[in-house]
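The values are calculated or read from the model by the stated rules, or taken from the named source; none is laboratory data. As the structure is a prediction and not an experimental result, all values here were calculated from the model. Neighbour counts run over all protein chains shown; Cβ positions are idealised from the backbone, glycine included. For accessibility, only protein heavy atoms count, side chains too; no ligands or nucleic acids. Shrake-Rupley method; radii C 1.70, N 1.55, O 1.52, S 1.80 Å.
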Amino acid sequence: MEKVIVGNHAVAYGAMLSRVQLVAAYPISPQTTIIEELSELCASGQMKSEYIKVESEHSAMACCIGAASVGVRTFTATSAQGLALMHEELHWAAGARLPIVMVDVNRAMSPPWNMWCDQTDSLSQRDTGWLQFYCESNQEALDTIIQAYKISEEILLPSMVMLDGFILSHTYELVDIPNQETVDRFLPRFQAKYKLDIEDPHSFGGAFLPEIYFEQRYKMQGAMEEGKKVAKRVDEEFNEVFGRKYGIVEDYRCEEADLILVTSGTIASTTREVIDAYRSQGENVGMLKIKMFRPFPADEVEKVLSQAKKVAVIDRNISYGQGGIFAQEIKSALFGKGLDTSIFCYVTGLGGRDVTPEIIQDIIEYTKENDRPLKEINWMGLNK
Amino acid sequence: MDKIIIRNINEVPPLSISLQPTLWNQTGSWRYLRPIYSDEKISPCTQNCPINQNIPAWLGLVAEEKFDEALKVLINDNPMPGICGRVCHHPCESLCNRKDYDEVVSINMIERFLGDFGVGSGIAIEQQISKQEKRVAIVGSGPAGLSCAYHLARKGYEVKVFEALSELGGMLRVIPPYRLPQKVLDREISWIEGLGVEFLCNTKIDNELLGRDLSEFNAIFIATGAATEEKLGIPGEDLEGVFSGIEFLRLTNARKKVRIGRKVMVVGGGNTAIDVGRTLRRMGYKPILLYRRTKEQMPAIQEEVEEALREGVRIEYLVSPVRMVGRNGKLAKIECVRNKLISSGGGGRPKPIPIKGSNFFMDADTVILALGAYPDAGFAESQLKKVNGHYITVDGWGWTSCGAIFAGGDVTAGVGTVSGAIGSGKRAALAIDSFLKSRKLPESFNGKQIVEFRDINLDYFSHSKRAKRPQLSIKSRSRPKEVNKGVAVAAAVRESNRCFSCGLCNQCNICLMVCPDVAIFKENESLMINYDYCKGCGICAVECPRSIINLEREELWRK
């Protein structure tokens with residue numbers, strides 16, 4: 001059924017259609033209307049799920065961990081400070097191999113107090129062992145949640161699905177909401193292999209001494225690597241059932257490109273317009289949209305970017321003391337591959353600063369003008 | 001336990017999961033604080049009850065609809081629940097912790113419910129099987145004497161009660177029937193008779209007899225009460241028309257005619273004065289009650305004062321009579337002054353001081369004095385020590401420090417209430433039992449720790465309204481009809497469920513449910529802690545709604 005809805009509601013429907021059995025969440029802008037909508041769906045009985053109002057995000061993730069440990073499909077949502085509050089439990093959920101799916105509506109970290117779009121919150125958690133997906137549209141957000149449950153429950157690692165704060169969360173877009181039977185065909189019920197079970201009692205979370213902790217971590221990395229293959233396969237299966245395909249990365253008009261922009265989130269959506277404008281002028285520019293950030297799709301990145309001489313990475317985030325995070329990962333992926341690519345790193349849009357087509361144009365122009373980047377970080381749109 | 005061997009990386013579990021039972025890990029060794037189910041806690045109601053009834057215990061049983069068991073627990077201490085449930089001043093309710101949360105539990109109402117239930121159930125009172133060889137004499141069949149007789153008889157003693165009047169019950173017979181029907185009194189006395197207690201009426205024990213006739217007994221309990229009424233000490237007190245309050249109530253209770261005039265005044269502020277006033281209203285009179293202090297300072301039970309006012313008894317506060325004026329030997333007028341209160345300095349009640357020149361007259365042909373009573377000074381004055389020349393001196397157990405003579409009730413100082421008398425009779429019985437067996441006295445309640453409101457975990461209680469005691473409407477009230485009606489079973493059960501059960505385990509099982517080590521279990525209806533695994537986190541102690549669990553230093557136990 002097609003409906004014009006805000007991103008947060010698309011997320012709520014995604015969770016409902018995934019037959020989530022427990023929601024435990026705490027409000028924070030710009031995520032709050034996700035859990036408000038979920039509470040109404042649960043209250044009306046449309047969604048058959050337990051709903052726990054908790055007193056903090058730390059408690060929310062604790063509830064999800066507890067419920068997932070019993071073999072229940074769980075969901076929560078947060079942003080910025082809320083996500084940060086969950087930090088130790090993010091390590092826990094991954095280490096405990098629990099397939100929790102969480103939506104993080106990208107919001108700037110504070111202080112200064114700022115509720116608007118910025119990816120530093122989710123990217124700060126990139127080391128925790130959670131898969132990460134960045135969405136460009138409300139439709140993609142809904143679809144990715146359903147896919148995430150399938151991927152996570154197969155490899156037993158949790159997933160984080162991101163949407164841009166306010167730009168997607170509070171903006172109306174046309175979304176095709178699938179019907180429940182179709183989703184049921186695609187996503188079976190969660191059958192946990194490891195769970196708290198009085199018929200088969202075990203103790204979870206106990207000590208692994210140095211003799212075997214290392215091996216357990218090796219296996220987690222193995223699961224992440226497996227996750228790359230599983231994500232690609234699930235995306236294809238999704239396409240077969242729903243007729244929509246995203247890929248773990250998407251190369252947009254990269255054929256014979258001299259310059260490829262690397263983007264994520266809604267910046268990708270704006271960049272498409274700019275690319276089309278350039279192409280209509282006869283210029284060979286393209287875009288690599290990174291959807292899956294963890295596990296990092298290094299092979300796919302190398303395959304696409306090796307075509308171009310110049311790469312301009314647009315980061316709506318920063319790791320202080322280094323630079324844009326996507327840029328670091330791109331550099332790492334391309335290193336030692338015998339490539340001569342110049343990688344230009346742009347940081348823009350922090351704290352909700354609008355990333356307009358003009359800024360993207362400036363990025364393209366600046367990259368064209370210089371053979372090599374003059375600075376490690378180029379702050380685009382800075383008001384001097 | 002076999003050691004688990006992991007031979008290669010494939011055998012490493014993907015997550016931290018136990019591969020065999022973990023009971024070998026006795027985490028009790030980590031403990032430095034040990035939770036203990038304390039039996040040193042006491043609820044404020046039990047502490048304040050003059051009989052020290054185990055109130056949370058019988059309220060808890062009523063809440064579970066186990067009325068037989070509840071009554072058994074109650075009469076273990078108090079043989080007169082039907083009486084107390086009607087006339088007790090319920091100091092338990094004054095300290096009920098629930099008062100700080102919403103409204104106190106209607107303990108008195110449920111005590112009466114159990115008393116009335118006892119009639120229908122035909123409950124048998126347990127008695128010690130072995131009969132004791134010793135005999136005890138009790139002088140006086142008021143609540144103190146009855147209570148002592150009951151407790152001694154249950155312990156197997158041969159008990160003989162000497163009563164000077166023709167009827168048993170002492171001051172209980174003076175209470176009007178709309179508060180305490182005679183048949184309730186007779187019924188609860190018959191329970192005590194049923195234990196084999198011998199009653200002798202019309203037998204006054206005077207000073208001589210105290211020495212001679214009672215020598216065959218191994219111990220004596222004196223419970224002769226306080227029947228000598230106070231006087232005003234003003235001119236005209238001996239005029240015709242001036243009556244004693246206690247005498248008036250005795251006569252009206254016995255349905256004897258009392259010749260009084262239409263302009264009736266009552267002087268006093270205690271329960272007797274209020275009883276007189278309300279009885280007069282039922283006889284069709286319009287009495288005026290004169291009290292020298294204010295309403296809040298009246299020693300009568302406040303609910304009784306409220307009912308008196310609702311029934312139309314007029315009360316004049318801060319008024320004292322100073323002279324009674326007669327005509328032809330009969331009372332015609334009463335002269336009064338108005339008082340003001342000045343603080344008595346030492347923290348006692350404020351003193352009433354007459355306002356100079358405030359004298360005024362009222363027509364009166366009848367004045368009934370209810371100023372309080374004290375014990376007969378002459379009784380046993382040569383043998384026993386007295387306080388203020390009237391009250392027999394005793395210790396906390398009722399021992400006079402004179403041989404095997406004990407005393408309790410209104411004849412000792414500081415009692416003055418029905419439940420106080422019953423409590424003193426019970427304590428004296430315990431003391432007499434110990435005395436006759438040459439044993440040490442049992443422990444008193446004073447050592448226990450009172451559970452206060454701040455100790456209660458309010459997370460487990462929702463607010464609820466206190467049950468209202470059903471009453472007769474003002475219009476329907478008459479002398480023989482009980483004003484307070486019995487409460488229905490459902491209401492009694494509901495009200496009992498409001499009890500916090502301060503300091504008394506009622507098997508709510510919350511400790512068992514919250515223990516993260518699953519170290520609390522139930523054995524024979526008792527909650528126990530498995531100290532092999534208890535890590536001493538203290539969650540059980542904090543969560544216990546009624547503050548029963550204490551955390552004590554483990555090292556003191558390990559020693």
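Structure summary
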| read-out | value |
| --- | --- |
| Qualifying residue in region A:45-61 (condition: surrounded by fewer than 24 Cβ atoms within 10 Å (Cβ to Cβ), among the acidic types (Asp, Glu) and touching a residue at least 24 places away in the same chain (Cβ under 8 Å)) | yes |
| Any hit, region B:37-55, residues being open to solvent by less than 40 Å² (accessible area, probe 1.4 Å), within 27 Å of B:Ala541 (Cα to Cα) and touching an Asp or Glu at 6+ places or on another chain (Cβ under 6 Å) | yes |
| Residue in region B:99-116 that is within 23 Å of B:Trp397 (Cα to Cα), part of a loop (DSSP other than H, G, I, E, B), more than 14 Å from every other protein chain (Cβ to nearest Cβ) and in contact with a Leu (Cβ under 9 Å, 6 or more places away or on another chain) present | no |
| Extreme residue, farthest from the other protein chains (Cβ to nearest Cβ), among residues of region B:8-19 that are assigned to a loop (DSSP other than H, G, I, E, B) and under 16 Å from A:Lys219 (Cα atoms) | B:Asn8 |
| Members of region B:78-121 that are under 19 Å from B:Gly503 (Cα atoms), over 13 Å from the mean Cα position of the chain (by Cα) and among the polar types (S, T, N, Q) | B:Asn97, B:Ser106 |
| Helices (runs of 4 or more DSSP H) wholly inside region A:77-140 that include at least 2 residues being within 14 Å of another protein chain (Cβ to nearest Cβ) | A:87-95 |
| Residue, nearest to B:Val276 (Cα to Cα), within region B:304-340, restricted to residues that are free of Cβ contacts under 8 Å to residues at least 40 places away in the same chain and of a type in the set (Lys, Arg) | B:Arg314 |
| Those residues of region A:370-384 which are within 16 Å of A:Val311 (Cα to Cα) and in a loop (DSSP other than H, G, I, E, B), in sequence order | A:Asn370, A:Asp371, A:Arg372, A:Pro373, A:Leu374, A:Lys375, A:Glu376, A:Ile377, A:Met380 |
| Exclusive hit being assigned to a loop (DSSP other than H, G, I, E, B), within 23 Å of the chain's Cα centre (by Cα), modelled with pLDDT of 95 or more and not basic (Lys, Arg), set B:Leu168, B:Leu146 | B:Leu168 |
| Region B:10-32, residues that are open to solvent by less than 20 Å² (accessible area, probe 1.4 Å) and among the hydrophobic types (A, V, I, L, M, F, W, C) | B:Val12, B:Leu15 |
| Number of positions in region A:218-254 that are within 9 Å of chain B (Cβ to nearest Cβ) and of a type in the set (Lys, Arg) | 1 |
| Residues of region B:373-391 that turn out to be crowded, with 19+ Cβ neighbours inside 10 Å and among the acidic types (Asp, Glu), as a count | 0 |
| Region A:224-251, residues that are open to solvent by 60 Å² or more (accessible area, probe 1.4 Å), within 30 Å of A:Ser342 (Cα to Cα) and in a helix (DSSP H, G or I) | A:Glu225, A:Lys229, A:Lys232 |
| Of residues in region A:172-217 being open to solvent by 100 Å² or more (accessible area, probe 1.4 Å), in a helix (DSSP H, G or I) and within 11 Å of chain B (Cβ to nearest Cβ), the one farthest from A:Ile65 (Cα to Cα) | A:Glu211 |
| Of the criteria (1) in contact with a Leu (Cβ under 6 Å, 6 or more places away or on another chain); (2) at positive phi; (3) aliphatic (A, V, I, L, M), which one B:Met324 fails | (2) |
| Subset of region B:523-541 [small (Gly, Ala, Ser) and not in a strand (DSSP E or B)] | B:Gly536, B:Gly538, B:Ala541 |
| Which numbered condition A:Leu156 misses (of (1) within 9 Å of chain B (Cβ to nearest Cβ); (2) touching a strand residue (DSSP E or B) at 6+ places or on another chain (Cβ under 9 Å); (3) touching a residue at least 60 places away in the same chain (Cβ under 8 Å); (4) open to solvent by less than 60 Å² (accessible area, probe 1.4 Å)) | (2) |
